[in-house]
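Quick one: the structure is below, and I'll ask about it shortly.
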Amino acid sequence: FVAILRALAAFLAGVNYMPWRRFLVFNATGGVVWASVLGIGGWYLGDKISEFAAPFPIVLGLVAAAVLGLGYFYLRHHTAELEARAEAAFPGPLRLHSGGHPDDRC
């Protein structure tokens, strides 16, 4: 069931001098089992995913609301600290200018 080993199975069989008829039987059987397990597993998962995913949008909305609310309260309670850190990082007034070279001072 490991994809890399399935791709290298013919080379490994040849290196080990496995008879081609035996390799054909085992490779075909392995392919049928592999396809069946993945196919049936995919069908079963697809059938059950709607039951699992039904509450997901509600939970995602609640998590988003919680994150936004926590961010709002954090900014309200730490505004002075954040302004002080910003001023320390970029002292003086910030001015925007248009055009010119980036090294030109406003």
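Kindly indicate whether Leu82 is assigned to a helix (DSSP H, G or I), at pLDDT below 85 and touching a Leu at 6+ places or on another chain (Cβ under 9 Å).
Spelling it out, it is not the case that Leu82 is assigned to a helix (DSSP H, G or I), at pLDDT below 85 and touching a Leu at 6+ places or on another chain (Cβ under 9 Å).
Tell me, please, whether a residue that is open to solvent by less than 90 Å² (accessible area, probe 1.4 Å), assigned to a loop (DSSP other than H, G, I, E, B) and either among the aliphatic types (A, V, I, L, M) or in contact with a helix residue (DSSP H, G or I) (Cβ under 8 Å, 6 or more places away or on another chain) (or both) can be found in region 13-20.
Checked region 13-20: at least one residue is open to solvent by less than 90 Å² (accessible area, probe 1.4 Å), assigned to a loop (DSSP other than H, G, I, E, B) and either among the aliphatic types (A, V, I, L, M) or in contact with a helix residue (DSSP H, G or I) (Cβ under 8 Å, 6 or more places away or on another chain) (or both).
Looking at region 2-12, which of the residues that are under 14 Å from Gly31 (Cα atoms) and outside any loop (DSSP other than H, G, I, E, B) is least open to solvent (accessible area, probe 1.4 Å)?
Of everything passing the filter in region 2-12, Ala9 is least open to solvent (accessible area, probe 1.4 Å).
In addition: Just to be sure I understand the filter: pairs with C-beta atoms under 8 Å, separated by 6 or more residues or on different chains, first member in region 25-51 and part of a helix (DSSP H, G or I), second member exposed (fewer than 10 other Cβ atoms within 10 Å of the Cβ). Which pairs pass?
Trp34/Phe1; Val37/Phe1
The values are calculated or read from the model by the stated rules, or taken from the named source; none is laboratory data. What you see is a predicted model, and the numbers here were worked out from it, not measured in a lab. Neighbour counts are summed over all protein chains in view; Cβ atoms, including those assigned to glycine, are modelled from backbone coordinates with ideal geometry. Each accessible area value is taken on the protein alone, full model and side chains, heavy atoms only, with ligands, DNA and RNA left out. Shrake-Rupley method; radii C 1.70, N 1.55, O 1.52, S 1.80 Å.
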